[in-house]
1. How do 17, 234, 102, 559 rank when sorted from fewest to most other Cβ atoms within 10 Å of their own Cβ?
2. Per q in 0.10, 0.11 Å⁻¹, report the Debye log10 I(q)/I(0) for the range 33-263, using one uniform scatterer on each alpha carbon and no solvent.
3. Run through the range 56-114 and list the GluC sites (Glu not before Pro) located in a DSSP loop whose Cβ has at most 16 other Cβ atoms within 10 Å.
4. About its Cα centre, how strong a charge dipole does the range 33-263 have in debye, to the nearest 20, once Lys and Arg get +1 and Asp and Glu get -1 at the Cβ?
5. Tell me, what HN-Hα J-couplings in whole Hz come from the Karplus equation 6.51 cos²θ - 1.76 cosθ + 1.60 at θ = phi - 60° for each residue of the range 334-350, using x for Gly and Pro?
6. Hey, with R₀ at 30 Å, roughly what FRET efficiency would residue 91 and residue 552 work out to, going by the Cβ-Cβ distance, to 0.05?
7. Please compute the modelled spin-label separation between residue 563 and residue 286, points set 7 Å along Cα→Cβ, answer in nm with one decimal.
8. Going down the table (310/331; 5/122; 5/291), which pairs top 27 Å between alpha carbons?
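The numbers here are math on the coordinates, done by the rules we state, and not lab data. All values reported here derive from a predicted model rather than from experimental measurement. Neighbour counts are summed over all protein chains in view; Cβ atoms, including those assigned to glycine, are modelled from backbone coordinates with ideal geometry.
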Amino acid sequence: MKADKMKQLILEIASRHNYELTENQTTSIELEDIAVNVAFLGEFASGKSTIVNNLIGRDLLPTYNQPTTAAIIELMPGECDEYIVERINEDGETLLESIELHQLAAEAMKYEENKKIRILQKEFGILNRDILIVDTPGVDSIDKTHTDITFGYLPFIDVAFFVFPSTKGDATGSLLNFLTGLPKSFLNKTYFILNKIDLKPESLIDRIEEKLRESLTTITPNPRIIKISALEAHDKISGGTPSTILETSMAPLISVINEEVPGLLKEIEEKRRKESLVKVGTQLTNFLELKKQGIKYSNVEITDKIKSIKSVIAMNEDKISEFKAKLEQVKFRIKAEVSTLINDTVLIVAKKIDAGEDTQEEFSSFLGKLNLILESGINEIQDVSMKKLDITVSSVLAGNIENETKIMTQTAELIRDVVSIIMTLVLIPGNSVAEKVIAPVQSAGTSKSAFIKKLITSDKSIMSSLGKFQRNFPKLTGFLGEILKITDFVGLGKTLVMKNLLKPKVREILTNNINERLNNIFAQINKDVELILEEKYRIPMNDSLRALDELRKNRDSEHSSLDSIRTEIEKDISLLQDLK
């Protein structure tokens with residue numbers, strides 16, 4: 001595909017996807033002021049640097065009989081003489097450092113990774129100013145890094161001149177191996193220079209040339225060989241005019257560089273533009289790949305959000321379970337502590353009731369301790385405040401116990417009176433039944449005594465039975481009468497009634513009332529907890545789920561259009577990948 005068509009395709013695809021070319025990208029695909037990169041390659045001490053010095057008419061590059069050039073050196077025409085060291089740091093940034101002429105030789109011989117030296121010359125000898133001369137490290141030097149640098153620079157070379165010294169007699173095995181590794185397209189734009197022909201007789205030079213040609217033919221057909229003597233030419237050029245070089249053995253080389261190489265300019269320009277366009281196309285392809293991934297990622301992102309929300313929901317549900325478990329633990333402990341408090345209070349309250357004393361103070365103390373138990377437990381439940389018991393519960397409890405134990409107390413007293421009269425009638429000798437009944441009745445002014453009197457005198461069978469018992473068992477009744485005088489059986493009866501009935505009754509009243517109150521408190525706490533859980537966990541989770549449902553709906557409604565966009569992107573990526 002031609003560069004112009006490649007450019008048009010890239011611009012159309014970029015426009016479709018709102019991809020704005022950077023200034024550097026736009027400039028690179030236009031490629032104004034293209035220069036032909038002419039490189040000199042060969043083993044160390046083959047004379048490459050001397051040849052370059054001759055071409056530009058100045059002794060700029062160091063020349064020794066040992067590896068000297070350890071970096072790529074580019075020489076090009078400029079508005080003034082300038083020497084620049086270009087380095088690429090770890091971040092891929094290009095750093096430029098200007099140096100003086102006297103520093104050039106040291107920089108040229110010092111190896112650094114990702115370093116290149118650029119030389120601009122106002123006077124460019126007799127060379128065409130569309131030419132950029134490249135001096136490379138020796139490909140078979142002692143320092144292997146020189147070879148690595150040369151290989152890495154090959155893609156940037158438009159025309160190559162391999163330099164062989166005649167003193168070698170033929171191409172070395174290492175150099176032939178180097179040439180064998182080069183692509184055929186590169187060898188097609190390669191010339192071979194047989195240098196130092198002044199050091200051998202002409203007849204021997206011809207045989208060396210023929211032998212060299214035979215060796216090169218095994219690698220590339222019809223190798224083009226130019227014979228020169230760079231050192232001899234240097235002596236003639238020194239102090240002369242630029243045109244003096246045409247009077248030396250370097251004239252055929254100058255002819256190739258100034259006449260044949262410029263003819264390659266259009267081809268090189270097309271190649272360079274295509275290279276730049278392929279680079280821009282690759283950058284555009286990367287953009288489209290990211291855009292396509294972004295379309296896929298939107299689905300993944302929603303899925304990830306769903307997973308994240310579900311994870312939060314699960315975590316919140318665990319929190320809810322923990323919350324409720326904590327509440328149950330607190331309730332269990334409160335009930336246990338309240339049960340102990342009730343047992344302790346029953347003993348005191350029952351004793352006071354039995355003695356006819358006021359119990360209001362005990363109930364107030366009971367409720368105070370109850371509140372402390374509730375506060376201590378409920379404060380452990382996060383965000384739940386203590387619900388204070390109404391102090392009027394004290395009077396309610398007291399009233400309930402007083403009312404419900406009054407009958408029980410009266411019953412105990414009644415039992416005492418009835419037993420007392422019966423025991424008197426039966427067991428105390430020496431009096432008639434009527435006399436025994438009348439005496440206690442007359443002394444009893446209460447409704448209780450009247451009731452007992454009426455009960456006994458109204459039943460003739462009781463009177464008859466009591467009299468018969470006295471007549472049949474006179475000794476027994478006398479004996480029991482004596483016991484009755486020294487023993488308070490009726491008091492024991494009352495005590496037995498109070499012991500078996502009063503404490504359980506007080507406990508029952510306290511337990512029922514407090515349990516009812518606790519149940520009301522716990523019901524309110526449960527209600528508060530549900531409100532907290534709803535506000536803190538469930539409502540936010542439901543809002544998130546609704547939002548995710550909306551995202552799913554939007555995703556589904558746009559799915560077909562996204563597929564269309566994805567298909568278009570993939571088609572354009574395919575077109576860009578086919579750029580050649």
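1. 102, 559, 17, 234
2. Those come out to -0.43, -0.53, one per q.
3. Filter output for the range 56-114: 79, 90, 93, 100, 112, 113.
4. Details: 21 positive and 35 negative charges, 161 e Å.
Its charge dipole is roughly 780 debye.
5. With the stated coefficients, the range 334-350 comes to 4, 4, 5, 5, 5, 4, 5, 4, 4, 4, 5, 6, 4, 4, 6, 5, 4 Hz.
6. After rounding, the FRET efficiency stands at 0.10.
7. So the two model labels end up 3.2 nm from each other.
8. Where the Cα-Cα span goes over 27 Å, the pairs concerned are 310/331; 5/122.
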